[in-house]
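Just below is one structure, and these are the notes that go with it.
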Amino acid sequence: MKFSAKPRVRVVIADDHPSIRENLRYLLDAEADLEVVGVAKDGVSALQMAMGLRPDVLVIDYELPDYDGLSVARALRGAGHETRVILYTMTSEVVAYAKRPEIDACVSKAAAPRVLLEAIRGQRTPAQTKHPRVLVVEDDAEIRSVMRLTLEDDGFEIIETGDGFEALAECERQAPGVVVLDLGLPNMSGLEFATAYRQLRTGKAPIIVVSARYEGRQVAKDLDAAAFLRKPFSLEELSQAVRRAAPVQPSPTSLGL
């Protein structure tokens with residue numbers, strides 16, 4: 001049983017993917033100060049629930065099978081409802097909607113859970129900053145996963161891969177703000193990746209080299225890397241190195257992608 005000194009924040013969830021709906025319900029109901037009072041799978045149901053239940057917050061996917069999240073938010077505002085609306089989406093272009101009067105926040109589905117929880121609670125201060133995208137290039141899946149979770153907890157958006165060629169393709173798609181690079185990669189070594197990366201038009205991000213190799217520090221120096229971490233390194237060392245390489249920059253959006 002949950003006990004809270006203050007009334008719980010009442011939330012309606014709207015998403016067309018069953019697994020996302022249930023994961024969100026589980027996440028929010030685990031918080032003592034939050035309560036999921038309704039779950040919808042489309043825009044019409046979301047609007048009906050929001051108008052009937054009058055929740056404090058509506059967490060709604062932008063892309064729904066009938067009406068998108070922005071249209072639902074407009075309908076709510078037009079009816080005079082003060083429910084706070086949070087767009088929860090994987091579509092990066094939707095971040096611009098965070099500036100619209102109908103929307104209180106816009107949160108990426110790829111963001112750490114605490115970002116959504118902060119948005120629901122109306123804690124916008126942490127969201128006034130925007131963390132850069134970090135590309136983690138590490139062939140050991142277990143190490144890569146731990147690195148990703150650590151940096152996500154710090155608020156960074158993570159792209160991960162275990163192959164240098166895939167990493168170059170990711171850089172072409174969208175430039176990272178920081179690259180965390182293992183030297184011992186299959187198919188293409190870390191040094192070969194870094195050399196190719198610097199030749200890209202967008203290849204300007206600081207590189208943090210991680211390696212257990214004896215010559216790793218010298219390679220990092222030759223690459224003019226922002227930092228070198230010898231394996232095994234602590235997660236705190238990783239976190240500090242990434243933060244130093246890419247300081248958090250102010251962001252004009254409320255809770256961005």
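The values are calculated or read from the model by the stated rules, or taken from the named source; none is laboratory data. The shown structure was predicted, so the numbers you read here are calculated from the model rather than taken from an experiment. When we count neighbours, we look across all protein chains shown, and the Cβ atoms used for this are built from the backbone with ideal geometry, even at glycine. The area values use the complete protein model at the heavy-atom level, side chains included, leaving out ligands, DNA and RNA. Shrake-Rupley method; radii C 1.70, N 1.55, O 1.52, S 1.80 Å.
In region 221-242, how many residues are loosely packed, with under 15 Cβ neighbours inside 10 Å and farther than 19 Å from residue 151 by Cα?
Matching residues across region 221-242 total 3.
Search region 211-230 for residues that are without any contact (Cβ under 8 Å) to a residue 40 or more places away in the chain and pair each with any residue that is buried (at least 19 other Cβ atoms within 10 Å of the Cβ) and acidic (Asp, Glu) when their beta-carbon atoms are under 9 Å apart and the residues are at least 6 apart or on different chains.
Correct list of pairs: 211/182.
Between 47, 58, 27, which is under 20 Å from residue 110 (Cα atoms) and assigned to a helix (DSSP H, G or I)? Spell out the reasoning first.
Working: 47 fails: under 20 Å from residue 110 (Cα atoms); 58 fails: assigned to a helix (DSSP H, G or I).
Being under 20 Å from residue 110 (Cα atoms) and assigned to a helix (DSSP H, G or I) holds for just one of 47, 58, 27, which is 27.
If residue 186 satisfies every condition in (1) open to solvent by less than 40 Å² (accessible area, probe 1.4 Å); (2) touching a Gly at 6+ places or on another chain (Cβ under 9 Å) but one, which is the exception?
Going through the list (1) open to solvent by less than 40 Å² (accessible area, probe 1.4 Å); (2) touching a Gly at 6+ places or on another chain (Cβ under 9 Å), residue 186 breaks only (1).
Would you check which residues across region 204-220 are over 25 Å from the mean Cα position of the chain (by Cα) and open to solvent by 90 Å² or more (accessible area, probe 1.4 Å) and list them? Working first, answer last.
Residues of region 204-220 that are over 25 Å from the mean Cα position of the chain (by Cα), as a first pass: 211-220.
Passing the criteria: 213, 214, 217, 218.
Would you check if residue 238 is over 30 Å from residue 101 (Cβ atoms), assigned to a loop (DSSP other than H, G, I, E, B) and in contact (Cβ under 8 Å) with a residue 24 or more places away in the chain? Explain how you work it out, then say what you get.
Working: over 30 Å from residue 101 (Cβ atoms): yes; assigned to a loop (DSSP other than H, G, I, E, B): no; in contact (Cβ under 8 Å) with a residue 24 or more places away in the chain: yes.
So residue 238 fails the test.
Among the residues that make up region 196-203, is at least one of them surrounded by fewer than 18 Cβ atoms within 10 Å (Cβ to Cβ), more than 26 Å from residue 115 (Cβ to Cβ), of a type outside the set (Phe, Trp, Tyr) and touching a helix residue (DSSP H, G or I) at 6+ places or on another chain (Cβ under 7 Å)?
Our first condition is that a residue be surrounded by fewer than 18 Cβ atoms within 10 Å (Cβ to Cβ); within region 196-203, this holds for 196, 198-202.
Subset that is more than 26 Å from residue 115 (Cβ to Cβ): 196, 198-201.
Okay, now just the ones that are also of a type outside the set (Phe, Trp, Tyr), so 196, 198-201.
This time we only want the ones that are touching a helix residue (DSSP H, G or I) at 6+ places or on another chain (Cβ under 7 Å), so: 196, 200.
Scanning region 196-203, I find at least one residue that is surrounded by fewer than 18 Cβ atoms within 10 Å (Cβ to Cβ), more than 26 Å from residue 115 (Cβ to Cβ), of a type outside the set (Phe, Trp, Tyr) and touching a helix residue (DSSP H, G or I) at 6+ places or on another chain (Cβ under 7 Å), so the answer is yes.
Keeping to region 162-173, report how many residues are small (Gly, Ala, Ser) and surrounded by fewer than 20 Cβ atoms within 10 Å (Cβ to Cβ). Please lay out each step first, then the result.
Going through region 162-173, the residues small (Gly, Ala, Ser) turn out to be 162, 164, 167, 169.
Of the ones still in play, those that are also surrounded by fewer than 20 Cβ atoms within 10 Å (Cβ to Cβ) are 162, 169.
Here the count works out to 2.
Limited to region 131-146, what total is found for residues that are in contact with a Leu (Cβ under 6 Å, 6 or more places away or on another chain) and not charged (D, E, K, R)?
If we filter region 131-146 for residues that are in contact with a Leu (Cβ under 6 Å, 6 or more places away or on another chain), which is where we start, we get 134, 137, 139.
If we keep only those that are not charged (D, E, K, R) as well, we get 134, 137.
Residues in region 131-146 being in contact with a Leu (Cβ under 6 Å, 6 or more places away or on another chain) and not charged (D, E, K, R): 2 in total.
Could you list all residues from region 161-191 that are more than 20 Å from residue 229 (Cα to Cα) and touching a strand residue (DSSP E or B) at 6+ places or on another chain (Cβ under 6 Å)?
Passing the criteria: only 170.
Condition first: open to solvent by 20 Å² or more (accessible area, probe 1.4 Å), outside any strand (DSSP E or B) and touching a residue at least 24 places away in the same chain (Cβ under 8 Å). Now tell me which residues in region 144-161 satisfy that. Working first, answer last.
Applying the first criterion (open to solvent by 20 Å² or more (accessible area, probe 1.4 Å)) to region 144-161 yields 144-146, 148-150, 152-155, 157-160.
Retained after the next criterion (residues that are outside any strand (DSSP E or B)): 144-146, 148-150, 152-155.
Answer for region 144-161, where residues must be open to solvent by 20 Å² or more (accessible area, probe 1.4 Å), outside any strand (DSSP E or B) and touching a residue at least 24 places away in the same chain (Cβ under 8 Å): 146, 150, 152, 153, 154, 155.
Any idea which residue in region 174-183 is most open to solvent (accessible area, probe 1.4 Å), counting only those that are assigned to a loop (DSSP other than H, G, I, E, B) and among the aliphatic types (A, V, I, L, M)?
Taking region 174-183 first, the residues assigned to a loop (DSSP other than H, G, I, E, B) are 174-177, 183.
In the following step, the residues that additionally are among the aliphatic types (A, V, I, L, M) were identified as 175, 183.
Numbers: 175: 45, 183: 8 Å².
Out of the qualifying residues, it is 175.
In region 81-89, is there at least one residue being modelled with pLDDT under 85, surrounded by 21 or more Cβ atoms within 10 Å (Cβ to Cβ) and touching a Lys or Arg at 6+ places or on another chain (Cβ under 9 Å)?
From region 81-89, those modelled with pLDDT under 85 are 89; that's our starting set.
Keeping just the survivors that are surrounded by 21 or more Cβ atoms within 10 Å (Cβ to Cβ) gives 89.
Those left that are additionally touching a Lys or Arg at 6+ places or on another chain (Cβ under 9 Å): 89.
Within region 81-89 (the criterion being modelled with pLDDT under 85, surrounded by 21 or more Cβ atoms within 10 Å (Cβ to Cβ) and touching a Lys or Arg at 6+ places or on another chain (Cβ under 9 Å)), the answer is yes, since at least one residue qualifies.
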